[in-house]
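The values are calculated or read from the model by the stated rules, or taken from the named source; none is laboratory data. Quick caveat, the model's predicted, so the values are computed rather than measured. When we count neighbours, we look across all protein chains shown, and the Cβ atoms used for this are built from the backbone with ideal geometry, even at glycine.
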């Protein structure tokens, strides 16, 4: 497709902002549903030991969606893959709503797993946008797309109480309300992506893949991990997600067990998700300016501090928990933006789509294990132990990043 430089620049800009809008409204529905997962599971099972199952199921769905949607994108383009992920998420939200009504844990797990496909589309959008710009602007562009979820961070958790009232007015259980939110918002993201992502982002890429590129075999994961920057990026992304999910998953239940209402829970989780997304453009600029390794290191330090702060926060002290969860989100954001940029910058165009999907699947699978384990840790040793465990896990990516410091030579060149 031959386009004039000005037309190409316009289409790329429009595509990036379409991806931002899709992430914004898609994450609103996703976050609203995830906020009450542990509470719903504890109500159904009568135990906190299994309260992490819905969050684990969402993350496993994100992992499965990352692989399947990336395979579809590699063959058909970004547009059908992103749109389909959102549609499957809407179906999952309807299934989860029926699970709350019937008090069925298996149905809840199925529904939340399908909801995870919408999160796959949200996350894979950052790579679609990164393909549209030169290497020197890649981290900043990723940061802008990730920033789109700020809308969901602000609105999503705070729709919990309102949607609960709507559900009661409809004759449904209060906790069914948050699962109706994705039906509206994620459904809108599906329509937006299907209508507006034309031409397909692949056709607008800064270095578009040719048919010959697509025919080249994708390297094995073992070969990929021999690239120091790729190994450092994957480990940082995985452990940043694990630590964040480990603590975030059990915070709503921890709060309700100590007398906090849904409104207070929504406020703390809103602060957490605000930290996860609102400062993303700043994280992207830091990464383009100083390089991925330095920003990843800063993110790990913030994650460790916030984990300890969550551990020592008094259960009745919502303010301290708010600060801890905000910092937990921002520490994750620094590593997520910088790690994603490092990964995208060290993959050839024909490798990116499939391997980015596989990497995200690895991230979400590891985080699912953390989500499931979080309930067991709290049930066995308490919430404070969970925070200290998260802080201790930060040592692993720190060691790997130091050991692969040659990655600095291939990270984005500081401006």
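Could you check, for the stretch 189-197, whether at least one of its residues is touching a residue at least 12 places away in the same chain (Cβ under 8 Å) and more than 15 Å from residue 81 (Cα to Cα)?
No, every residue in the stretch 189-197 fails to be touching a residue at least 12 places away in the same chain (Cβ under 8 Å) and more than 15 Å from residue 81 (Cα to Cα).
What about residue 23, is it closer than 20 Å to residue 376 by Cβ and part of a helix (DSSP H, G or I)?
Numbers: closer than 20 Å to residue 376 by Cβ: no; part of a helix (DSSP H, G or I): yes.
It is false that residue 23 is closer than 20 Å to residue 376 by Cβ and part of a helix (DSSP H, G or I).
Does any residue of the stretch 36-47 turn out to be at pLDDT 90 or above and either surrounded by fewer than 18 Cβ atoms within 10 Å (Cβ to Cβ) or within 27 Å of residue 197 (Cβ to Cβ) (or both)?
Scanning the stretch 36-47 turns up no residue that is at pLDDT 90 or above and either surrounded by fewer than 18 Cβ atoms within 10 Å (Cβ to Cβ) or within 27 Å of residue 197 (Cβ to Cβ) (or both).
Being modelled with pLDDT of 85 or more, assigned to a helix (DSSP H, G or I), closer than 17 Å to residue 160 by Cβ and in contact with a helix residue (DSSP H, G or I) (Cβ under 9 Å, 6 or more places away or on another chain): is that true of residue 248 here? Step through it out loud before you land on a result.
Values: modelled with pLDDT of 85 or more: yes; assigned to a helix (DSSP H, G or I): yes; closer than 17 Å to residue 160 by Cβ: yes; in contact with a helix residue (DSSP H, G or I) (Cβ under 9 Å, 6 or more places away or on another chain): yes.
So residue 248 passes the test.
Only one of (1) in a helix (DSSP H, G or I); (2) modelled with pLDDT of 80 or more; (3) surrounded by fewer than 18 Cβ atoms within 10 Å (Cβ to Cβ) is not met by residue 223, so which one is it?
Every condition holds for residue 223 apart from (2).
Regarding residue 395, is this residue surrounded by fewer than 17 Cβ atoms within 10 Å (Cβ to Cβ) and modelled with pLDDT of 80 or more?
Working: surrounded by fewer than 17 Cβ atoms within 10 Å (Cβ to Cβ): yes; modelled with pLDDT of 80 or more: yes.
In short, yes.
From the list 85, 143, 148, 152, which residue is modelled with pLDDT of 95 or more, buried (at least 24 other Cβ atoms within 10 Å of the Cβ) and on the phi < 0 side of the Ramachandran plot?
Details: 143 fails: modelled with pLDDT of 95 or more; 148 fails: modelled with pLDDT of 95 or more; 152 fails: modelled with pLDDT of 95 or more.
Testing whether each residue is modelled with pLDDT of 95 or more, buried (at least 24 other Cβ atoms within 10 Å of the Cβ) and on the phi < 0 side of the Ramachandran plot leaves just 85.
Residue check: is residue 96 out of contact with any strand residue (DSSP E or B) (no Cβ under 9 Å at 6 or more places or on another chain), crowded, with 24+ Cβ neighbours inside 10 Å and touching a residue at least 24 places away in the same chain (Cβ under 8 Å)?
Details: out of contact with any strand residue (DSSP E or B) (no Cβ under 9 Å at 6 or more places or on another chain): yes; crowded, with 24+ Cβ neighbours inside 10 Å: yes; touching a residue at least 24 places away in the same chain (Cβ under 8 Å): yes.
In short, yes.
So if I check each of 105, 72, 19, which one is modelled with pLDDT of 95 or more and either surrounded by fewer than 21 Cβ atoms within 10 Å (Cβ to Cβ) or on the phi < 0 side of the Ramachandran plot (or both)?
Numbers: 105 fails: modelled with pLDDT of 95 or more; 72 fails: modelled with pLDDT of 95 or more.
None of the others qualify; the one that does is 19.
Yes/no matrix, rows are residues, columns are (1) farther than 15 Å from residue 24 by Cα; (2) over 16 Å from the mean Cα position of the chain (by Cα); (3) assigned to a helix (DSSP H, G or I):
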position	(1), (2), (3)
71	yes, yes, yes
110	yes, yes, yes
113	yes, no, yes
120	no, no, yes
132	yes, yes, no
145	no, no, yes
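Take the residues in the stretch 162-178 that are under 18 Å from residue 34 (Cβ atoms) and in contact (Cβ under 8 Å) with a residue 40 or more places away in the chain; name whichever of them is nearest to the chain's Cα centre (by Cα).
178
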